[in-house]
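Please read the structure below before turning to the comments.
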Amino acid sequence: MTSPVFAHLHSALALIVAGGAVGLLIGAVHFVSLRWNAALFIAGRPAGALLLQLLRIALSAAVFVVLAKAAMLALLAGAAGFMWARSIALHLGRVES
């Protein structure tokens, strides 16, 4: 039988890992779709680009609301994962250009 202290640490660790993974995933989707969004604007399709922009931001916001309702640790880890995805996207953008 585990002590209540260890059970609390395990649940906190699970929230951090899950939140970070969700944040990294939604960040990857967000920044990949940002590239598609820019391509739509460049191609002269502003209506499609604006729709994609709205969907992209709404999806990210909805995920952060769910993480906030889950727990503060999940939200903070999700934000960290999202920013990690941003840094990866920026790095990959520099490598490609």
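Our summary gives the chain a relative contact order of 46 percent, counting only alpha carbon pairs under 8 angstrom and 6 or more residues apart. Mean shadow of the stretch 42-96, computed from the convex hull of its alpha carbons, in nm²? Directional mean of the projected Cα hull area for the stretch 42-96 stands at 4.6 nm². In the elastic network of the chain, a GNM with C-alpha springs shorter than 10 Å, the most mobile of Gly19, Gly81, Gly44 is Gly44.
Restricting the calculation to Cα atoms, every distinct pair contributes to the Kirkwood radius of the chain, found to be 14.8 Å. Gain on full extension, evaluated as 0.36 nm per residue between Leu51 and Leu13 minus their Cα-Cα distance, stands at 10.0 nm.
Rule-based calculations on the coordinates, nothing more; no lab input. Keep in mind that what you see is a predicted model, and the values were worked out from it rather than measured.
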